[in-house]
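Here's the structure we're looking at; comments come further down.
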Amino acid sequence: QVQLVESGGGLVQAGGSLRLSCAASGRTFSMGWFRQAPGKEREFVAAINRSGAGTIYADSVKGRFTISRDNAKSTMDLQMNSLEPEDTAVYYCAATRSLAAVVTIRSYDYWGQGTQVTVSS
């Protein structure tokens, strides 16, 4: 059984930064971040493979967000810079049973409770 808990969300002005963290219990393989804005479908943000050496980013966040993990601490982070109002959403940490980074929601087996990120203009 894998349990995930996100933290670090909050309110920030456009152009600002936030760092989200996901604490994991149990063994995890590849992991990722997803987000869901009001009235929208949950969408892929970023993924990282088991070792942390391989990453994938949605086009909307490339160059602004950085995903990382520390397997010794069983944590995964999402550094978000140059935030835009369009980034406003509930952000979810997720984990798969795959070693490779994946982008599809249905590939993820475990989910955190979500943390709210609000970017004001």
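So the values come out like this:
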read-out	value
Residue ID - modelled with the lowest pLDDT, chosen from residues in the stretch 37-51 that are surrounded by 14 or more Cβ atoms within 10 Å (Cβ to Cβ) and more than 16 Å from ARG19 (Cβ to Cβ)	ARG50
Residue in the stretch 79-94 that is under 24 Å from GLN3 (Cβ atoms), of a type in the set (A, V, I, L, M) and open to solvent by 60 Å² or more (accessible area, probe 1.4 Å) present	no
Boolean, SER120 is touching a helix residue (DSSP H, G or I) at 6+ places or on another chain (Cβ under 9 Å), at pLDDT below 95, among the polar types (S, T, N, Q) and open to solvent by 20 Å² or more (accessible area, probe 1.4 Å)	no
For TYR110: the one exception among (1) more than 13 Å from ALA37 (Cβ to Cβ); (2) open to solvent by less than 40 Å² (accessible area, probe 1.4 Å); (3) of a type in the set (Phe, Trp, Tyr)	(2)
Cβ-Cβ under 6 Å pairs, at least 6 apart or on other chains, the stretch 22-35 side more than 12 Å from ASN71 (Cα to Cα), far side part of a loop (DSSP other than H, G, I, E, B) and open to solvent by 50 Å² or more (accessible area, probe 1.4 Å)	PHE34/ARG42
Qualifying residue in the stretch 9-21 (condition: part of a strand (DSSP E or B), open to solvent by less than 20 Å² (accessible area, probe 1.4 Å), within 19 Å of TRP111 (Cβ to Cβ) and out of contact with any helix residue (DSSP H, G or I) (no Cβ under 6 Å at 6 or more places or on another chain))	yes
Residue under evaluation LYS73, criteria (1) charged (D, E, K, R); (2) open to solvent by 60 Å² or more (accessible area, probe 1.4 Å); (3) farther than 19 Å from SER7 by Cα; (4) modelled with pLDDT under 95, criterion not met	(3)
Out of SER60, SER68, sole residue that is in contact with an Asp or Glu (Cβ under 7 Å, 6 or more places away or on another chain) and open to solvent by less than 80 Å² (accessible area, probe 1.4 Å)	SER68
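The values are calculated or read from the model by the stated rules, or taken from the named source; none is laboratory data. Quantities reported herein were computed from a predicted structural model and do not represent experimental measurements. Every residue, glycine as well, gets a Cβ built from its backbone with ideal geometry; the counts of neighbours run over all protein chains shown. We work out accessible area using only protein heavy atoms, side chains counted, and drop any ligands, DNA or RNA first. Shrake-Rupley method; radii C 1.70, N 1.55, O 1.52, S 1.80 Å.
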